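**Student:** Questions regarding the structure given below will be posed in turn.
The values are calculated or read from the model by the stated rules, or taken from the named source; none is laboratory data. Model, not experiment: these values are computed from the prediction. Positions of Cβ are backbone-derived with ideal geometry, glycine not excepted, and every protein chain shown enters the neighbour counts.
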Amino acid sequence: MIHHRTLFIASALLLASSTLAQQKPPFTYQDMLMLDRISGLAVDPAGTKALFNVRATDMENNRGVSSLWLKDLTAPEKPEVKVPVSEGGAHDVQWSADGTAFYFLSARGGSGTTQVWKADAQGMKAKQVTDLLLDVETYRVAPDGSGLVVAIAVFPDCKGNEIACTAERLKAKQAEKSSGQLHDKLFLRHWDTWKDGTRNHLFYLPLSNATGAPVALTDGFDGDIPSKPWGGSEDFTMARDGRTVYFSARVAGTTEPWSTNFDLFSVPVSGGEAKNLTANNPAWDAAPVISPDGTKLAYKAMARPGYEADRFELKVMDLATGSVSDVASTWDRSPASLAWSRDGRSLLVTADDIGKHRLFRIDTKTNAVNLLSTDGHMDAFAETPKGFVFQKSGLSGPAQLYMSKAKAKRIDDGATTLTNVNARPEGESLRRL
């Protein structure tokens, strides 16, 4: 015999769960597909503005829509605004050295190719900077604002005229009726990307005449800068005076599929033969970053050749003498992203740490390692004169933008939340299309 009190409790629980279900719609697979995603943090030198990408999903047209958003860091209570120039498509944002403008990549303009564009600090108007026959894969603006380095996929045997020769060859290939390809060496396919015979090479353009003929910095080089298929602008950097480019690359030869011997090279922006700076290490050297005073080069290095999953260690090279010193060599973590602190005394690195992806500060003289973040996954960060601006995600939700308190020991302790992407007022998703 069922007790009346038991029936009453069961009925009450059923009614409560039914009411709760009506008030809060369940999170569905469709909801997951429609989530907006933040990426590409770029903070101006003064630390007053933050640009970031938001990718939304246009389900009806089966496509993703990416737009730029601007956050005023001096008034965090104000909502971020959509940047007008992003209506034509914009990604890979970099601020100018003086903070009065920013650069981005876009395929607007009717040429059918992705080029570098420049906009005012509020993103109201944009003008085209480069006018090349091929897509710009990624780029770097010189710290002194004198020029920029662009990465373009070219046929390396087109020596002396890589861009024009590659454009002509691709045009002729499109006119062919056959689709077969001849491969005479590996790779045929690298992870999710088929090899087409091109290599990512670097070119320099002075900003005083960025529509002129670019200077080939890696003419005929048998390797990719950035590396394929997942490399980016972190694979190369520029000296503070804008006269030298440093990059990480693997000479392909006949051993590319099983080699992990990436080296660091330097080449002047005027062109010439690239100089190998890390020939003594037969393993992977990556992610070169110039110190604020321009005298040192920090980078990541593996120790075991041929072992792709080896732990990265931190190195600092004195550019005047070429001497290399280890940084926190006993630290048992493998750094991912890497940057110098504003004062040049330490390195800021992210690394996997006990199920989380955290930010650390490492003193280059004492080798002291200090934890700067606690929970979640540190997706991106920027140190400003007043603290840190960062993007962090976790099991509780996708990435949001935050600002640390001044001189906070842990930057995410009490941090100000700057965005609330994917908030669901009254059960509806926040759309940004």
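**Student:** Quickly run through segment 174-207 and pick out the residues that are surrounded by 13 or more Cβ atoms within 10 Å (Cβ to Cβ), out of contact with any helix residue (DSSP H, G or I) (no Cβ under 6 Å at 6 or more places or on another chain) and either free of Cβ contacts under 8 Å to residues at least 24 places away in the same chain or farther than 22 Å from Q115 by Cβ (or both).
**Tutor:** Selection gives H190, K195, G197.
**Student:** Looking at N53, N61, which one is more than 23 Å from A399 (Cβ to Cβ), out of contact with any Pro (no Cβ under 8 Å at 6 or more places or on another chain) and either without any contact (Cβ under 8 Å) to a residue 60 or more places away in the chain or of a type in the set (G, A, S) (or both)?
**Tutor:** N61
**Student:** If you don't mind, there's one more thing I want to ask. Can you name every residue in segment 49-75 that is within 20 Å of M403 (Cα to Cα) and surrounded by fewer than 17 Cβ atoms within 10 Å (Cβ to Cβ)?
**Tutor:** D72, T74, A75
**Student:** Test E162 against the stated conditions and say whether it is more than 18 Å from the chain's Cα centre (by Cα) and either under 22 Å from V269 (Cα atoms) or not aliphatic (A, V, I, L, M) (or both).
**Tutor:** yes
**Student:** Do you know which residues across segment 397-414 are among the polar types (S, T, N, Q) and either without any contact (Cβ under 8 Å) to a residue 12 or more places away in the chain or in a strand (DSSP E or B) (or both)?
**Tutor:** Result: Q400, single match.
**Student:** Moving on to the next point. Examine segment 361-375 for a residue that is touching a Gly at 6+ places or on another chain (Cβ under 9 Å) and small (G, A, S), and state whether such a residue exists.
**Tutor:** No, every residue in segment 361-375 fails to be touching a Gly at 6+ places or on another chain (Cβ under 9 Å) and small (G, A, S).
**Student:** Those residues that are more than 10 Å from T260 (Cα to Cα) and either out of contact with any Phe, Trp or Tyr (no Cβ under 9 Å at 6 or more places or on another chain) or not hydroxyl-bearing (S, T, Y) (or both), I need them from segment 294-308; list them, please.
**Tutor:** G294, T295, K296, L297, A298, K300, A301, A303
**Student:** Of all residues in segment 292-333 being β-branched (V, I, T) and assigned to a loop (DSSP other than H, G, I, E, B), which is nearest to V369 (Cα to Cα)?
**Tutor:** That would be T330.
**Student:** Right, here's the next one. List every residue pair whose Cβ atoms lie under 8 Å apart, where the two residues are 6 or more positions apart in sequence or sit on different chains, the first residue falls within segment 272-290 and is touching a residue at least 24 places away in the same chain (Cβ under 8 Å) and over 18 Å from T244 (Cβ atoms), and the second residue, located anywhere, is of a type in the set (V, I, T) and assigned to a loop (DSSP other than H, G, I, E, B).
**Tutor:** That search, which allows pairs on different chains as well, returns A283/T260; W284/T260.
**Student:** Inspect all residues belonging to segment 337-345 and state whether any of them is assigned to a strand (DSSP E or B) and of a type in the set (K, R).
**Tutor:** Among the residues of segment 337-345, not one is assigned to a strand (DSSP E or B) and of a type in the set (K, R), which makes the answer no.
**Student:** A further question on this structure: Suppose we keep only residues that are among the polar types (S, T, N, Q) and assigned to a strand (DSSP E or B) within segment 219-246. Which one would you say is nearest to D92 (Cα to Cα)?
**Tutor:** Checking each candidate, the answer is T237.
**Student:** Can I ask one more? Among the residues of segment 350-385, count how many are in contact (Cβ under 8 Å) with a residue 24 or more places away in the chain, assigned to a strand (DSSP E or B) and closer than 20 Å to S396 by Cβ.
**Tutor:** Of the residues in that region, 6 qualify.
**Student:** For a quick check of your reading: which strands (runs of 3 or more DSSP E) sit entirely within segment 109-196 and have at least 3 residues that are more than 30 Å from L51 (Cα to Cα) and modelled with pLDDT under 85?
**Tutor:** none
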